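See below for the structure under consideration.
Derivation of every value follows stated rules applied to the coordinates shown; laboratory data play no part. All values reported here derive from a predicted model rather than from experimental measurement. No Cβ is skipped: glycine too gets one built from the backbone with ideal geometry, and neighbour counts run over all protein chains shown.
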Amino acid sequence: MKKDFDAIVIGTGQSGPFLAVRLAATGQRVAIIERHRFGGTCVNTGCVPTKTLVASAYNAHMVARAADFGIQLAGTARVDIKRVKARKDEIVEKSRNGLEAWLENTPNCTVYCGHARFESPREVSVGEDLLAAPQIFINVGGRAAIPSMPGVENTPYLTNSTLLDLDVLPRHLIIIGGGYVGLEFGQIFRRFGSDVTIIERASRLIAHEDEDVSAEIEAILRRESIGVRLNAACIALTRRENEDVGVRLNCTEGPPEVRGSHVLLAMGRRPNTADLNLEKSGVARDARGYVLVDNQLRTNVPGIWALGDCNGRGAFTHTSYNDFEIVAANLLDHEARSVADTITAYNLYIDPPLGRAGMTERDARQSGRRLLKGSRAMTRVGRAVEKGESQGFMKVLVDADSKKILGAAILGTGGDEAIHCVLDMMYADVPYTVMQRAMHIHPTVSELIPTILGELQPV
């Protein structure tokens, strides 16, 4: 029997639940569907579990540095990986269960557990149930992309999801991929006590960042004895004796094979759109499977929207939540909002973290604008020196004609928070002099941003 609703939400990531509750609050009858675990990537395999591990790894690192701060330990500290995992699981479960309970107890909202598949542009099946609605919102997220490379079918490997299930410490973790996932896990497990080697096909880590950012991040990782192999071509996996895994590669320098106990594939993401029967809805996708949307996140089929990672317009929790805000504003608040108005912003949660907003220096140069640039090493930031965490640097780019901030990178302690000072100025669309003249609190990392803006030089 067909069940009619005013709206159907497919997926419970960082857009779907909030939109479902907003719609339900207006009196609309809403169905929300989840096939596996509530909360999507962020809660289950992304932000929540990994940042919990980052916190454990940071504390392990600071214990190892205790003598630097004049603290003598009575015995030898060790990492209890089973307790680390248990703490992570407890935090994830609390978040996931809280979200499920919130939806289950929301008036006008019906929760379906099962696999959603389109039967028409207005109908979705979940098991034996057929649901219909004039509005359908797709929020199905993404998963790790498994590259086609020799040996991958016959060699055990880990993804960002399965690595979180380990309750043993890898003797030697080999990570293929020098992006955000690979770098964060690499430092985490090195601080837990694993040997770690990161293999990257490009000539530098996180190659879409500026060269100075990439170089400093590589230096930070190497200082912790993390192996880095760049310019890796012809990568192949192979089994070795004693359950070891070998990774063969052709690099400009270094041995032709790295052998370890575990391999993590961290080579990008793909959308979860292949098994939705989208062809029955008429919704268009690009060659990689991402749902095509306009700046209001509408698909080519009227009445169907796509939010979050599956639309290819952002790959972060905050971009997914922003998608919810854009759709809700346009549909419910009669406020015209567009994804084109958002400013690129994200963090890389190694230690010290990288906070990024707006253009890279490379992009700013290529834009043809007259540029001003200010920078400062973290060794010249009092708060960083006092904390004994003075790796990294800060830089800000400004349009010389409009005096508007174009972008910034803060690689250093507190950079993940301080970057919001710059981001807020960019959204306010005011000249950099507004921040330059502001009185910031001492001692902080962000207090040096006005100082940097007072030392701008032509690029």
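Data overview
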| item | result |
| --- | --- |
| Segment Arg37-Asn231, length gained on full extension (0.36 nm per residue, minus Cα span) | 66.1 nm |
| Cβ-Cβ FRET estimate between Cys113 and Asp333, R0 fixed at 30 Å, reported to 0.05 | 0.45 |
| Ratio of Rg to Rh over the range 331-371 (Cα coordinates, Kirkwood Rh, two decimals) | 1.17 |
| Distant-in-sequence amide H partners of Asp351 (H built 1.01 Å from N, under 5 Å) | none |
| D_trans [Stokes-Einstein, Kirkwood Rh over alpha-carbon pairs] for the range 345-458, 25 °C, 0.890 mPa s, µm² s⁻¹ | 177 µm²/s |
| Residue order, fewest to most surrounding Cβ atoms within 10 angstrom, among Glu90, Glu209 | Glu90, Glu209 |
| Alpha carbon convex hull of the range 381-446, volume per residue in cubic angstrom | 78 Å³ |
| Relative contact order of the chain, pairs being alpha-carbon contacts under 8 Å that are 6 or more residues apart, as % | 14 percent |
| Efficiency of FRET from Cβ geometry, Val301 and Ala77, R₀ 60 Å, rounded to 0.05 | 0.55 |
| Selected from His115, Ser125, Ala345, residue furthest toward positive end of dipole (the chain; charges at beta carbon) | Ala345 |
| Added length on full extension, which subtracts the Cα-Cα distance from 0.36 nm per residue, Ala274 to Ser203 | 22.3 nm |
| Using a Förster distance of 30 Å, the FRET efficiency for His440-Asn59 (Cβ separation, nearest 0.05) | 0.55 |
| Vicinal HN-Hα couplings computed from phi for the range 256-268 (Karplus, 6.51 cos²θ - 1.76 cosθ + 1.60; Hz; Gly/Pro x) | x, 8, 10, 10, x, 8, 9, 10, 10, 8, 10, 10, x |
| Cα-only Debye scattering, the range 230-382: base-10 log of I(q)/I(0) at q = 0.10, 0.17, 0.18 Å⁻¹ | -0.66, -1.10, -1.12 |
| Segment Asn105-Asp165, extension gain: residue separation times 0.36 nm, minus the distance between their alpha carbons | 18.6 nm |
| Residues of type aspartates and glutamates that Lys280 reaches as a straight line, Cα spacing below 16 Å, ignoring anything fewer than 8 places off in the same chain | Glu119, Glu123 |
| Cross-link pairs beyond the 30 Å C-alpha cut-off, checked among Lys88/Lys387; Lys3/Lys88; Lys88/Lys395; Lys85/Lys387 | Lys3/Lys88; Lys88/Lys395 |
| For the range 162-267, radius of gyration divided by Kirkwood radius, i.e. Rg to Rh on alpha-carbons | 0.95 |
| Theoretical ellipticity at 222 nm over the chain - DSSP helices of four or more residues, -39500 (n - 2.57) apiece, nearest 500 | -9000 deg cm²/dmol |
| Centre separation in Å (Cα based) which lies between the range 239-296 and the range 91-162 | 19 Å |
| Rounded to whole Hz, the Karplus (6.51, -1.76, 1.60) HN-Hα couplings of the range 33-43, x for glycine and proline | 10, 9, 8, 9, 10, 5, x, x, 4, 4, 6 |
